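The values are calculated or read from the model by the stated rules, or taken from the named source; none is laboratory data. The structure displayed is predicted, hence computed values, not measured ones. Virtual Cβ from ideal backbone geometry, glycine too; neighbours counted across all protein chains shown. Areas reflect the complete protein model, heavy atoms only, side chains present, ligands, DNA and RNA absent. Shrake-Rupley method; radii C 1.70, N 1.55, O 1.52, S 1.80 Å.
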Amino acid sequence: MKVTFKIWRQENSKTKGELKSYFVDGITEDMSLLEALDHLNEKLVLKGESVIAYDYDCREGICGQCGVFINGRAHGPHDNITTCQLHMRSFKDNDTIIIEPWRAKAFPIVKDLIVDRSAFDRIIEHGGYISAKTGTAPEANAILIPKEVSDKAMDAAACIGCGACVATCKNSSAALFTAAKLNHLNRLPQGKAEQHQRVREMTWQMKEEGFGSCTFTGACEVECPEGISITNIAELNARNILSNLLG
Ligand code: FES
């Protein structure tokens, strides 16, 4: 297969960027998109040119590091997968594939396709944990949790923090990320003791980081590789009102 990549090149957040074209042959349908970029980078090294910077860790859809826009869609043309799970068989021979970084004020560009998503880490630092000492593992039946409650908590816990929700939202809102991280703890008995403080502090930090407000367009749910529902945001809003009332 041969394709033309149009890839965003930018030295850092202070410089201007631009799309640059790279014609690449020798690609197979079984390569992932990241492997095709590895292949392109090997060619750039041989030519003595600067390699394209892109982020990844697991390459298995787990870590959330790899997100980019591919032909205008977060993580590419398919629903419910990450960029590293996208294979070149999703494209045709001679296709042009445009690859751009996440674009949001709270995610400044580090280089080329890599953005700084540490704003998410700072939101987690404001309550995305349980601080009570847990001691040794309790007997499995000591805390009974209804199946539907644990299922809903696990659905929210599936968030991998990739940032597609922010990048695809016209307001650059982090409401889906924050809601998922809050709800998976607040739905379980272990998270209840700190639930109101967690809601207040994580939503406060979300605003501090410069993310926009949620206007409930639903774009985040569509592009989330884990299919996390925007009902999480509705629950976050309800919890926010409750937390403020309860001080
Ligand atoms: S590299 Fe880990 S989710 Fe893609």
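Of the helices (runs of 4 or more DSSP H) lying entirely inside region 186-237, those containing at least 2 residues that are within 29 Å of Gly76 (Cβ to Cβ) span 219-223. For region 177-186, the criterion of being farther than 27 Å from Val68 by Cβ, hydroxyl-bearing (Ser, Thr, Tyr) and open to solvent by less than 20 Å² (accessible area, probe 1.4 Å) is met by no residue. Examine region 133-145 for a residue that is touching a helix residue (DSSP H, G or I) at 6+ places or on another chain (Cβ under 9 Å) and part of a helix (DSSP H, G or I), and state whether such a residue exists. No, region 133-145 contains no residue that is touching a helix residue (DSSP H, G or I) at 6+ places or on another chain (Cβ under 9 Å) and part of a helix (DSSP H, G or I).
Does Ala140 satisfy the condition of being at pLDDT below 95, farther than 20 Å from Asn80 by Cβ and not basic (Lys, Arg)? So Ala140 passes the test.
Answer yes or no as to whether Gly163 is small (Gly, Ala, Ser) and either closer than 27 Å to Val24 by Cβ or outside the structural domain of Glu208 (by TED's automatic domain parsing) (or both). Here the answer is yes, as Gly163 does meet what is asked.
Checked against (1) out of contact with any Pro (no Cβ under 7 Å at 6 or more places or on another chain); (2) farther than 30 Å from Asn71 by Cβ, Ile145 meets all criteria but (1). Within region 107-118, being buried (at least 23 other Cβ atoms within 10 Å of the Cβ) and among the aliphatic types (A, V, I, L, M) holds for Leu113, Val115.
Being away from the ligand (no atom under 14 Å from the Cβ), surrounded by fewer than 21 Cβ atoms within 10 Å (Cβ to Cβ) and more than 17 Å from Gly17 (Cα to Cα) is a property that Glu125 has. On the given criteria, is Gly72 more than 16 Å from the ligand (Cβ to nearest atom), open to solvent by 40 Å² or more (accessible area, probe 1.4 Å), free of Cβ contacts under 8 Å to residues at least 40 places away in the same chain and in contact with a helix residue (DSSP H, G or I) (Cβ under 8 Å, 6 or more places away or on another chain)? The answer is no for Gly72.
Within region 60-69, is there a residue that is of a type outside the set (Gly, Ala, Ser), open to solvent by less than 50 Å² (accessible area, probe 1.4 Å) and more than 20 Å from Gly17 (Cβ to Cβ)? Within region 60-69, one or more residues are of a type outside the set (Gly, Ala, Ser), open to solvent by less than 50 Å² (accessible area, probe 1.4 Å) and more than 20 Å from Gly17 (Cβ to Cβ).
Considering region 25-49, the residues that are assigned to a loop (DSSP other than H, G, I, E, B) and surrounded by 16 or more Cβ atoms within 10 Å (Cβ to Cβ) include one that is farthest from the ligand (Cβ to nearest atom), namely Ile27. Listed by first and then second residue, the pairs with beta-carbon distance under 8 Å, at least 6 apart or on different chains, first residue in region 149-169 and assigned to a loop (DSSP other than H, G, I, E, B), second acidic (Asp, Glu), are Ala158/Glu226; Cys159/Glu226; Ile160/Glu226. Of everything listed in (1) within 16 Å of the ligand (Cβ to nearest atom); (2) without any contact (Cβ under 8 Å) to a residue 60 or more places away in the chain, the single unmet condition for Ile52 is (2). Please go through region 75-106 and pick out each residue that is within 15 Å of the ligand (Cβ to nearest atom) and among the aromatic types (Phe, Trp, Tyr). Across region 75-106, the qualifying residue is only Trp102. When Thr96, Thr82 are checked against the criterion of being open to solvent by 50 Å² or more (accessible area, probe 1.4 Å), outside the structural domain of Lys207 (by TED's automatic domain parsing) and touching a residue at least 12 places away in the same chain (Cβ under 8 Å), a single residue qualifies: Thr96.
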